[in-house]
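One structure below.
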Amino acid sequence: MLFHSAEFFFLFFPISLLLHYFLKGNFAQMLALTLLSAWFYMAAFPLYIFILLGLIAFDFLGALLLERLTRTGRKLFLGFCVLVNIALLASFKYWNFIAENLNLVGASLPKHEWILPVGLSFHVFQSLSYLIEVHRNKWPAERNVLRYTLYVLFFPQMVAGPIERPQNILPQFNKFQAFNLEKFKTAIYLFLKGLFMKVAVADRLAAFSDPVFNDPDLASGQQVLLAMVFFMFQIYADFSGYSNMALGIAHSLGVKLMINFKQPYLACSLGDFWRRWHISLSTWFRDYVYIPLGGSRHGFVRSGFNLMVVFLLSGIWHGAGWTFILWGFLHGMGLIFENYFLQHWQKEFRMLNWLRTQLWVMLCWIFFRASTFQDAVQLFISLFQWHKPPLLIDFSITEIMYGLIIVILIPLSEYFRWQHKLFLKNSWLFCGLLLVATYLLGNFKSSSFLYFQF
Amino acid sequence: MRIIQFLSIVILIGIYAVIKIPGAVLSLKPYGIDLYSLGDLYRYAYLREYRDTTQFVKAPSVRVKNHFNLFVLGDSFTASFHKDHYRGVKAYSFMNWNQAAEQQFTLNIDTTMPSVLLVTCAEKNIRLRFARNQIPMYLARPESVGNVGFKLLEKPLNFPGYLKKYLGRAEVSDQNIQALLFENELALRIKETKAEFNRSVFGKIAPEAEIYAEKNMLFQKLTTDPKYIYMSSFRELGIEEENELIAGMANLVKHYKNIGIDSVIFSFIPNPVSVVAPNFKGRAYNMLVPRLERRMNETGGGCISVYGDFGLIREKAYRRGDTHWNTAGASFWLTRVNQSLDY
């Protein structure tokens, strides 16, 4: 079920809200939210709920056992639990990719046609976060199976994050906050802001960038350039839009989720960019991969190696394909280069640093978005073919103007915090205007969120 | 306050339960909730001037002495007709192409009377339905027990199928929500405002529809844009594909004659754009319907053609904001059918 679908907006969400505040007592509220979350999940592929419930049962019991084990056994058992979680993810998401590549070198592995359960990468990473925190004695194993189930299933963040930590979310399930109009107002603002970004920005820009990325050999240089710029904002609006909607929905239920984006396109270095983009995933890799590998403590070479491992894993996490791996590799290389050569220049030439950061990010998105490596190369070739007849795209001049205005307005409004100031000035009026603008400019027919595929 | 809260929850859950039922929209039709009453293309575009208020009125019934049994394999154009619309019919049975494609079905024939199979197909579906590899889906298994006519062999739903049917079909919920909550005048006005805003500011209308200003009609984009391989009236049709379609039809005729049908008759309903604007936007109609009708003798079946007749009355045969014919078009077709089925 999508947050911007009629089913969610007009029925599921109002029922959830009413039920949540109607029920008295923590157990009843948790039970209702868990059942609603299961219902939410089952709207896509009902049978996959059993996979998720299996994962929940395994990790719940695993954490209880983990807590009782001694040092060596504990480490081994954590390794086993991590392996099971990753194996589940790999069997759905990576098996075909592995088989395809091994078959190229003589193996004959069969491929499957299973559909990837929505948000499996997010569930697995959130579950791993819980297991690792229990292993590190930073969080006790949860005794209440319902609370742990809700930790994994909580519908506002179950399909595309933010990837939460037990410390942040589990205590909030112990006692839900009472209804508060001020907080509810903020929740509505967050939801509408996210909705606007999704339907009036991401899906509008997609109408131009999708045809170009789908037919890179037919597009002209000008079109490729514009599609690159539009895609940069499309993916940001799509994912940050989803995250804001998730934050708003959770907020309305009295649960505060972690912020996933902090104006990434204002970043003046790649390091800064990754502190602002998909924060819940970047910090996950920082806390559970980069730092355990040694972080930046053992000199430049080791630190560079650690960074590269993290970004290659991040690429693989995003998708089973060489283009995603290359995307991760390029970001890793960019960061290593930045740390080695540009460290002393970071605080000066801010404008120049901003420009080179965003240009690098934009170039990397090509590999992220292209369906194949060949398509990505073709996009670069087409980028320099300015005299080629353009690809026929159903996109008017007014729409191009609208796209360009959006592209300029998003960083400006984030820099000057216009939306926030307007919201503080007159919140109901601002929300009303946002709603009207979203309705008039929004494309409600498009399907899913880009990050649902991960 | 808590009573209001409780009642709201109960009402919302009640509505939710209804919208999850497949086909809830259809069952609400007698209560005035009909998604298609203003035209199926209007429902995409929401442009006020294409609201088609002329309701489709069923053609008058024809009653004469029963002479033969009629089986119709058809689609939304012919689904609403019943036995009394056809002259001289004793037993009548209708099978929808879509159902036939999804489930297996049987056909029980009464050998004491002549049996006629009328195969009707909208032009936009011809290339999909009659390709040689598609035909096996539309072949009924012979059956010698039970009532005369088609019968779907419904498989009992297993647990996953049951879950999928009632929980996992977003399109069902969305359609039912539209019907229940947003088919009132206020909601339509709001949708029309948005559509008008997008047309005037961005020059965009719904991607499913295309405007034919000359006759104040909406056409279905699938039938006007040559990039759509199967449905477009302007997609080139090579002789090889034409031969394949004829061969597919011949297979269909052969099968049904083998299981006891005396006569198989084809009737194609042209796309609105094919007869109203065969040179739409400077494109050339691929002449799919007349080309197939000319070669009908090669299939072993008969043909009831309305292409020429519709060419005379053009836009008067179709609804303005819809992909279907209007009462005039339907009556015209029925008259032709009843003239031809003179047993």
proj_area_mean for chain A (convex hull on C-alpha atoms), units nm², value 23.9 nm²
Here segment B:188-200 yields Karplus 3J(HN,Hα) values (6.51, -1.76, 1.60; θ = phi - 60°; whole Hz; Gly and Pro given as x) of 5, 4, 5, 5, 5, 4, 4, 4, 5, 4, 5, 5, 6
Computed over the protein assembly as shown, the distribution of all Cα-Cα distances in 10 Å bins, rounded to whole %, is 2, 11, 18, 22, 19, 14, 9, 4, 1, 0
For segment A:200-302, the per residue accessible area (1.4 Å probe, Å²) is 30 Å²
Gyration tensor on Cα atoms of chain B, a ≥ b ≥ c root eigenvalues, a/c under 1.5 rounded, else prolate if a/b beats b/c, else oblate, says oblate
Per DSSP, the loop-located GluC sites (Glu not before Pro) within segment B:80-189 having at most 16 other beta carbons within 10 Å are B:Glu154
Only helices counted: for chain A, with every DSSP H run of 4 or more residues adding -39500 (n - 2.57) and the sum spread over all residues, [θ] at 222 nm is -21500 deg cm²/dmol
Between A:Phe27 and B:Asp34, Cβ-based FRET efficiency (R0 41 Å, step 0.05) works out to 0.35
Result row for chain A, helices from DSSP H with C-alpha axial extent 20 Å or more and mean Kyte hydropathy at least 0.5, is A:26-42, A:49-68, A:71-93, A:120-135, A:181-195, A:221-252, A:299-318, A:322-341, A:350-369, A:397-416, A:427-441
Here the whole-number average of other chain Cβ atoms within 10 Å per Cβ of A:5-16 is 5
With a 20 Å threshold on alpha-carbon distance, the violating pairs from A:Lys93/A:Lys138; A:Lys193/A:Lys256; A:Lys183/A:Lys256; A:Lys75/A:Lys256; B:Lys83/B:Lys155; A:Lys193/B:Lys204 are A:Lys93/A:Lys138; A:Lys75/A:Lys256; B:Lys83/B:Lys155; A:Lys193/B:Lys204
Gyration tensor on Cα atoms of segment B:175-219, a ≥ b ≥ c root eigenvalues, a/c under 1.5 rounded, else prolate if a/b beats b/c, else oblate, says prolate
Per-residue average of other protein chain Cβ atoms inside 10 Å, peptide B:12-20 -> 3
Checked segment A:186-344 against the a/c 1.5 cut and the a/b vs b/c comparison, axes a ≥ b ≥ c from its Cα gyration tensor; verdict oblate
In whole Hz, the Karplus estimates of ³J(HN,Hα) for segment A:386-392 (6.51, -1.76, 1.60; θ = phi - 60°; x where Gly or Pro) are 7, 9, 5, x, x, 5, 6
Rg/Rh of segment A:6-176 (Cα atoms, Kirkwood Rh), to two decimals, equals 1.03
Taking placed amide H atoms and a strict 5 Å upper bound, the residues 5 or more places from A:Ile163 or on another chain that come that close are A:Ser280, A:Leu281
In this structure, the FRET efficiency calculated for A:Asn426 and A:Gln343 from their beta-carbon separation, with R0 = 35 Å, to the nearest 0.05, is 0.20
XL table B:Lys124/B:Lys221; A:Lys445/B:Lys191; B:Lys124/B:Lys194; Cα-Cα > 19 Å flagged, in table order, is B:Lys124/B:Lys194
Expressed in nanometres to one decimal, the distance between label points 7 Å along Cα→Cβ at B:Arg295 and A:Asn174 is 7.8 nm
Scoring only Lys, Arg, Asp and Glu (+1, +1, -1, -1) among other residues with Cβ under 12 Å from the Cβ of A:Gln177 yields +2
Shielding of B:213-219 by other chains, given as the mean Cβ count within 10 Å, works out to 0
Taking a straight Cα-to-Cα line shorter than 21 Å from B:Lys90, and setting aside same-chain lysines fewer than 8 residues away, one finds B:Lys58, B:Lys65, B:Lys151, B:Lys257
Probe 1.4 Å, heavy atoms of protein chains only: per residue, the accessible area of segment A:14-64 in Å² is 37 Å²
If R0 = 45 Å, then B:Thr53 and B:Gln134, at their Cβ-Cβ distance, give a FRET efficiency to the nearest 0.05 of 0.75
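The values are calculated or read from the model by the stated rules, or taken from the named source; none is laboratory data. All figures in this text were calculated on a predicted structure; none of them were measured in a lab. Please note: Cβ atoms are built from the backbone with ideal geometry, for glycine as well, and neighbour counts cover all protein chains shown. These area figures cover heavy atoms from the full protein model, side chains too; ligands, DNA and RNA do not enter into them. Shrake-Rupley method; radii C 1.70, N 1.55, O 1.52, S 1.80 Å.
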